[in-house]
Amino acid sequence: MPNGYVNTTPHSAVHHRGVALAALCSSIIASGHSVEIWSGDCSYVSHTERYVAVARVVSAAEPLDIGRLMFVMAHPAMGRPGAAAGRAREAAASGCAVAGP
């Protein structure tokens, strides 16, 4: 699931999307199935370089942690470009490769 928002996106839109995902996951699990949630982000570091990050938020093999899911998918600070730029700087500083265009 893409997790990136521009600074003009209302907090309520981010929150409602996360709440809807949490409700969907709860319903799927209540019906006897498992869920696995991945969150991704792609942002430009410069005109020629992009930073791409993908992380598993919920594994199908673990119990659903609604608090973690809500923080990652419904907290406005998690999907802002500033956060992505900070992650790109950290990756570059640690020697991780930054994906090209």
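The values are calculated or read from the model by the stated rules, or taken from the named source; none is laboratory data. Only a predicted model underlies this, so the values are computations on that prediction, with no experimental measurement involved. Heads up, the Cβs are rebuilt from the backbone with ideal geometry, glycines too, and the neighbour counts pull from every protein chain shown.
Starting from residues that are among the small types (G, A, S) and within 16 Å of V6 (Cα to Cα), keep the ones in the stretch 36-74 and report whichever is surrounded by the most Cβ atoms within 10 Å (Cβ to Cβ).
Checked the stretch 36-74; the qualifying residue surrounded by the most Cβ atoms within 10 Å (Cβ to Cβ) is A74.
Being in contact with a helix residue (DSSP H, G or I) (Cβ under 6 Å, 6 or more places away or on another chain), modelled with pLDDT under 85 and of a type in the set (A, V, I, L, M, F, W, C) is true for just one of M1, M73. Which residue is that?
Exactly one of M1, M73 is in contact with a helix residue (DSSP H, G or I) (Cβ under 6 Å, 6 or more places away or on another chain), modelled with pLDDT under 85 and of a type in the set (A, V, I, L, M, F, W, C), namely M73.
Among the listed residues S39, S34, which satisfies the condition of being under 14 Å from the mean Cα position of the chain (by Cα) and either outside any helix (DSSP H, G or I) or modelled with pLDDT under 80 (or both)? Working first, answer last.
Working: S34 fails: under 14 Å from the mean Cα position of the chain (by Cα).
Going through S39, S34 in turn, just one is under 14 Å from the mean Cα position of the chain (by Cα) and either outside any helix (DSSP H, G or I) or modelled with pLDDT under 80 (or both): S39.
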